[in-house]
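What follows is a set of notes on a single structure, which appears directly below.
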Amino acid sequence: MAIKRKTLTRHGREGFKNIRRNGWMSFASMSAVAIMLFVVGAFAFLIVNTNHLIDTIENDVEIRAFFEHDADASEQESVLEEVESHDSVENVVYRDRDEGLDVFMESMGSDGEVFENLREENPLNDALIIQATDPQMTAAVAEEVNAQSAIESVEYGESILGQLFTVTNYVRILGGALVIGLIFTSVFLISNTIKLTILSRKDEIQIMKLVGATNSFVRFPFFIEGALIGLIGAIIPIAGLTVGYSYLYSFMYDQVPFFTFVEPNPMIWQISGLLLLVSILVGIFGSQMSVRKFLKV
Amino acid sequence: MITMKRVRKTYPNGVQALNGMNIHIDKGEFVYVVGPSGAGKTTFIKLMIRELKPSEGLIQINGNNLGDLSDKQIPYLRRKIGVVFQDFKLFTKLSVYENIAFALEVIEEEPEQIKTKVMDVLDIVGLKSKARFNTSELSGGEKQRIAIARAIVNQPAILIADEPTGNLDPETAWSIMGTLEEINNRGTTIVMATHNSHIVNTLKKRVIAIENGKVVRDEVGGSYGYQA
């Protein structure tokens, strides 16, 4: 049976009024929502940034493939073409021995100039600097490049790479597990708090039923109330996290130049939207589950 | 109007509250239901508003067999029966007006109609001036009047009252009886469970006495018949 519009208006109004009528209980529910969302939200920011850090580290992984000294331009060209067309290769840069020396000298700072006289008899090799599409594919790509006859050797920090990926994979799995666990815990805690507020209104529901209210008539205002508790409870943590993160981001940007946080926009809106949605849904879920128990009168 | 035939009610814990109850009440009657505590009066009332289902037997109200009602139909039955309880069962956080209006909101009455009907019924119970009061500010007698007002605002054919004077001092109890009698005079059938011997013996009506889950006495103009 379709609900009449005035009844819908009535339910909405009652939902709002109930928040005020049950002042302290509503406050308690909203506080529980706010605290849990704050923890979940802060953790979400932490995880996103940890992933960002891991990505940054992993993306620094590159393969340096050195050509044989006697490899001529056409041999080098054909290797470069082959590497460029490889599915797992993101980016290739050709660096001849002159550039190699420049980079080397620059890395030595002011002492580097003494190596300038090596330029005539440059002992360095022409090289390819390769980045794999997926950093975890680095070793496989390096193997393939090394198999080319014009390549003398490849370097990609193989000794620490294996360990790095082990660590980063663990961190990712652990982070994911923690987020899921935290969300479950907060859903449980929030819906439980809302349950308590409705538990105290058992008599009220009983009277409604005795006066001839249908189940949906009893439920609807609680639906609105649950959604409102979720909504209002989410506002403070979302505002706090947004302001806090933006501040932290600019602070890090100024103070720690070698590592930047994930840009607030649009990440902050995505996480806020998600928190808000979860919060409202949990509010509704908690209220409906607890009302259901008392409807059998 | 109200018919019970061979009604039995056994609770899950094995207690047999009603044991073959037969009753017939006609439209417009005023009936006292009396009997010692635990005789089955409350079970009798709960069966009429389908708070409970009978274990056996037939209950008809306005020609509807309550045994045939689905859970979804129960609210519609209750809208035709006003109920007044000893403990009033008012919404404690709502105003007098809101308490009565609730019964009309349930049947999706038009807002203007709600206002008129609530004020009319408050006039009947003599509490028009307290419409905006919170129910917690009212005396026991006033609370019971509001409960009665809520029970009759939908103009039900039947008003069931479970110990409506149980929590009230004698003077207030009598004024409540006056209100109930006035409602009865307007054509509403009233079934009132009571322990108040003075009222039953003074304001003579049909008396149905229940003992051990059965009707043991049924006489028009009868007396209370138990030690007060």
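Here are the numbers for the structure shown:
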quantity: Given (1) within 14 Å of chain B (Cβ to nearest Cβ); (2) closer than 15 Å to A:L275 by Cα; (3) not basic (K, R), index of the condition A:G23 fails; calculated: (2)
quantity: All positions within the range A:229-263 that are within 21 Å of A:V282 (Cα to Cα) and of a type outside the set (A, V, I, L, M, F, W, C); calculated: A:G230, A:G233, A:P237, A:G240
quantity: Unique match (being part of a strand (DSSP E or B), charged (D, E, K, R) and more than 18 Å from B:L90 (Cα to Cα)) among B:E182, B:E219, B:E171; calculated: B:E219
quantity: Subset of the range B:47-60 (residues that are surrounded by fewer than 16 Cβ atoms within 10 Å (Cβ to Cβ) and among the basic types (K, R)); calculated: B:K53
quantity: Qualifying residue in the range A:61-73 (condition: among the β-branched types (V, I, T) and exposed (fewer than 15 other Cβ atoms within 10 Å of the Cβ)); calculated: no
quantity: Segments classed as strands (runs of 3 or more DSSP E), wholly inside the range B:19-94, with at least 3 members that are in contact with a Lys or Arg (Cβ under 7 Å, 6 or more places away or on another chain); calculated: B:30-34, B:56-61
quantity: Those residues of the range B:70-95 which are more than 8 Å from chain A (Cβ to nearest Cβ), more than 20 Å from the chain's Cα centre (by Cα) and of a type in the set (D, E, K, R), in sequence order; calculated: B:D71
quantity: Sole residue being closer than 30 Å to B:L159 by Cα and not hydroxyl-bearing (S, T, Y), chosen from A:P264, A:P221; calculated: A:P221
quantity: One residue from B:G14, B:G35, B:G20, B:G63 being loosely packed, with under 14 Cβ neighbours inside 10 Å and modelled with pLDDT of 90 or more; calculated: B:G14
quantity: Qualifying position, being touching a strand residue (DSSP E or B) at 6+ places or on another chain (Cβ under 8 Å), of a type outside the set (G, A, S) and either away from chain B (no Cβ under 14 Å) or without any contact (Cβ under 8 Å) to a residue 60 or more places away in the chain (or both), among A:N59, A:N49; calculated: A:N59
quantity: Search result, residues across the range A:109-151 that are part of a strand (DSSP E or B) and surrounded by fewer than 17 Cβ atoms within 10 Å (Cβ to Cβ); calculated: A:I129
quantity: Breaking point among (1) crowded, with 21+ Cβ neighbours inside 10 Å; (2) closer than 20 Å to B:F102 by Cα; (3) not β-branched (V, I, T), for B:E142; calculated: (1)
quantity: Top-ranked residue of the range B:185-216 - restricted to ones that are among the basic types (K, R) and either more than 20 Å from B:P156 (Cβ to Cβ) or in a helix (DSSP H, G or I) (or both), ranked as modelled with the lowest pLDDT; calculated: B:K214
quantity: Positions within the range B:96-128 being in contact with a helix residue (DSSP H, G or I) (Cβ under 9 Å, 6 or more places away or on another chain), more than 16 Å from A:V218 (Cα to Cα), within 13 Å of another protein chain (Cβ to nearest Cβ) and surrounded by fewer than 18 Cβ atoms within 10 Å (Cβ to Cβ), in sequence order; calculated: B:E110, B:P111, B:Q113
quantity: Residue that is modelled with the highest pLDDT [pool: residues in the range A:53-92 that are farther than 17 Å from A:A132 by Cα and not acidic (D, E)]; calculated: A:F67
quantity: Enumerated helices (runs of 4 or more DSSP H) restricted to the range A:191-297, each holding at least 2 residues that are under 31 Å from the mean Cα position of the chain (by Cα) and away from chain B (no Cβ under 14 Å); calculated: A:215-255, A:264-294
quantity: Residues that are in contact with a helix residue (DSSP H, G or I) (Cβ under 7 Å, 6 or more places away or on another chain) and within 13 Å of A:D126 (Cα to Cα), drawn from the range A:60-91; calculated: A:A65, A:F67
quantity: Every pair of residues 6+ apart whose Cβ atoms lie under 8 Å, when the first sits in the range B:50-69 and is within 14 Å of another protein chain (Cβ to nearest Cβ) while the second is charged (D, E, K, R); calculated: B:R50/B:R78; B:L52/B:K9; B:L52/B:K46; B:I61/B:K80; B:L69/B:R50
quantity: Identity of the residue in the range A:5-33, touching a helix residue (DSSP H, G or I) at 6+ places or on another chain (Cβ under 9 Å) and basic (K, R), that ends up modelled with the lowest pLDDT; calculated: A:K6
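The values are calculated or read from the model by the stated rules, or taken from the named source; none is laboratory data. Everything quoted here is computed from the prediction, not taken from an experiment. Note that we place each Cβ from the backbone using ideal geometry, even for glycine, and neighbour counts take in every protein chain shown.
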